[in-house]
Amino acid sequence: MSVQTEQVEQEVFNFQAEAVQILDLMVHSLYSNKEIFLRELISNASDAIDRLRLELLARSELPEAEGRLRIRIGYDKDAGTITIADNGIGMSREEVIQNIGTIAKSGTGEFLRSLTGDQRKDAAMIGQFGVGFYSSFIVSERVVLTTRRAGLEPSEGVRWESDGKGEYTLETIERPERGTTIVLHLRDGEDDLANGWRLRSIIEKYSDHIRVPILMPGEREDKAEEAAGTAGTDITVNRASALWARPKSELTDTEYNDFYRHIAGEPTDPLTWVHAKIEGTYDYTLLLFIPSRAPHDLWVPQARRGVRLHVQRVFILEDTGQILPNYLRFVRGVIDSTDLPLNVSREILQGSRAVGNIRTTAVKKVLKRLAELAESEPEKYTAFWKEFGTALKEGIADDYSNRNEIAKLLRFTSTKSATDDPDTSLDAYVARMKEGQEHIYYLLAPSSTAAKSSPHLEAFRTKGVEVLLLSEGVDNWVVSSLREYDGKELQSVAQGAGDLGALADEEERQTKEQADAEYADLLGKLKAHLAGQAWDVRLSTRLTTSPACIVSNEPEIDINLMQRMRGTGLPRQAVLELNPTHPLIQRLNRAQGGEHLREWAQVLFNQAVLTLSARIEDPTTFVQQLNSLLTALTDEQVPGTHEDAG
């Protein structure tokens, strides 16, 4: 129907019955962040200016563009409005109906089918002016659009208005300039958007790369002017350049550093970066930075990631793990694809082949750059490892396909390290392995101090066999997932029988067999006294100075992993190992125990628990038993006997 006004004829159009449902989908499903309304409108305005440039080249009868091509953003706090204006190609009345009416006349079924079909068509669909335009209703209760197409008379301007519910109106107006102006009348509760700082921050976040200058009024001290959003001369608020889209040969280190500080919000320069344009089945550009220091929220679950996904230079969303894996959550930068739809959701990302290809390439590029850094700039890599090494270790368990590449990047402290700083790579360890050494040995401990003083290292130190000292919680998962490297199996010095394999000579093997026979009775008695505590009691080949230690009988489960799963910190199958060369053990064997053997069994076991940095279940009883033995002893007494038994 139509309504006759004093100056022009206003027509009222009814939306189709499905339109409300489609708009609800746009507002609540396709767009999870209300701020993107501005992104969509700015993107549309930029497209209108691009189309003007093309048409000027194609149609010689069109006059040259008057003035600077630009997008202008204004706001009025008192009126509760935001204005987006461009001097691009504009629209005729028919184009307004066609473009802005697209969603109204397409029907829910057709629209939904288009979104779940070919992704290139999805991108085209969501990128149409009419569809992106409707994101305005996320924050607006009423939208007014005025426009005039380039080449038409001023009297052929068009005014479109709607509340996004049942109908919209069209009327012909006088509009002197070409282009489009959109006025958003904000909903209740959205007034905070009519704010210069807020709008600038949204532009910086989503549209900083737009090549067209985005202008906003400069601020003045006059509060009335500032409140109306009309203070001062217009200033450009975007950089108007997608740095990642430019050839690397044109970019300087200063430009890279400035861009990193801009997108990361960091005052420091990055450690290094990867900039690559990938062409083939899928086309995309990567610009990924390795920071020089860890963000404060690196270990905060659900913290913001630093990689931003763009589609055709339009910011879409921040990565939450679909693009880069969690162990690379410290990476900052931009990934710009031409193969994803502008309405891409996290659900679409999960099943997208394009995203799978991007993820695979991005991870390999980052790992390759880190490997280059470790090879050519070891000081920088040492700085990287100090900040992000713990996070990178997670990749051993999380990223099977890149496990070997990640393993080459690992750094550990070892018994050969001059300081506590991790300086040993697995390649360096393998190169230093002794002749006949079959395993890469490691020790898990709750701290570096506990690791260095552990009795489990005694025999390895004596033979000069290097042991990796692992004291971070994530190391449990590293050794559980990385079972071998360069053909060498990883072996804990606190697991199993402690066999040094070919490193043990024939004399040592004969000595062990003889000791096993000599100590068999003592071991049987101690095992009986420790029933329910020790899974076994045996002689040790790993001890040289300490009387006893506890190891795990289970080669597939390390002690520290059990510490995190049980209150005491002991392995499920705790084995007490005794040093047959220690004077205390030798005296106990000669005396065959005596009446205090039960107490000696408990004291030896609990001392070994303490050296493991585990927890004694009954410390009071332990102290009482220790005091009882000290009281019973004299300089002439044999441990575990009275004077008449000497």
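Each reported figure results from applying straightforward, stated rules to the coordinates on display, with no laboratory input. Computed from a predicted model, the values in this text were never measured in an experiment. When we count neighbours, we look across all protein chains shown, and the Cβ atoms used for this are built from the backbone with ideal geometry, even at glycine.
For this structure, a couple of remarks:
- In plain terms, the chain from Gln98 to Glu507 could stretch by 137.9 nm, reckoned as 0.36 nm per residue minus the Cα-Cα distance.
- Distance (nanometres) between label positions extended 7 Å along Cα→Cβ at Arg432 and Asn326: 3.3
- Charge context of Gly80, other residues only, Cβ under 13 angstrom, K/R +1, D/E -1: -4
- Using the empirical formula 2.2 N^0.38 Å as the baseline, the Cα radius of gyration of the range 149-206 reaches a ratio of 1.51.
- Calculated FRET efficiency, Glu250 to Gln312, Cβ-Cβ distance, R0 = 30 Å: about 0.90 to the nearest 0.05.
- Isotropic mean projected area of the C-alpha convex hull, the range 279-428 (nm²): 9.8
- With both labels modelled 7 Å from their Cα along Cα-to-Cβ, the Asp618 to Lys368 distance reads 6.3 nm.
- Straightening the chain between Asn627 and Arg211 buys 141.6 nm, computed as 0.36 nm per residue apart minus the Cα-Cα spacing.
- In this Cβ point-charge picture (+1 for Lys and Arg, -1 for Asp and Glu), the range 251-387 has a dipole of about 400 debye about its Cα centre.
- Among beta bridges from DSSP that stay inside the range 401-492, the antiparallel ones total about 40%.
- Phi to ³J(HN,Hα) by Karplus 6.51 cos²θ - 1.76 cosθ + 1.60 over the range 611-617, Hz, x for Gly, Pro: 5, 7, 6, 9, 10, 6, 5
- If you plug the beta carbon distance of Glu11 and Ala240 into 1/(1 + (r/R0)^6) with R0 = 51 Å, you get a FRET efficiency near 0.85.
- Gap separating the Cα centres of the range 266-294 and the range 445-487, nearest whole Å: 35
- Cα-based reach from Lys165 at 28 Å (exclusive), listing lysines while leaving out same-chain residues under 8 positions away: Lys34, Lys77, Lys105, Lys121
- The modelled label-to-label distance between Ala276 and Glu153, using points 7 Å beyond Cα along the C-beta direction, is 5.9 nm.
- Ranking of Leu630, Leu199 by count of other Cβ atoms within 10 Å, fewest first: Leu630, Leu199
- Among the listed pairs Lys368/Lys452; Lys364/Lys393; Lys488/Lys525; Lys248/Lys386; Lys408/Lys452, a Cα-Cα separation exceeding 27 Å is found for Lys368/Lys452; Lys488/Lys525; Lys248/Lys386.
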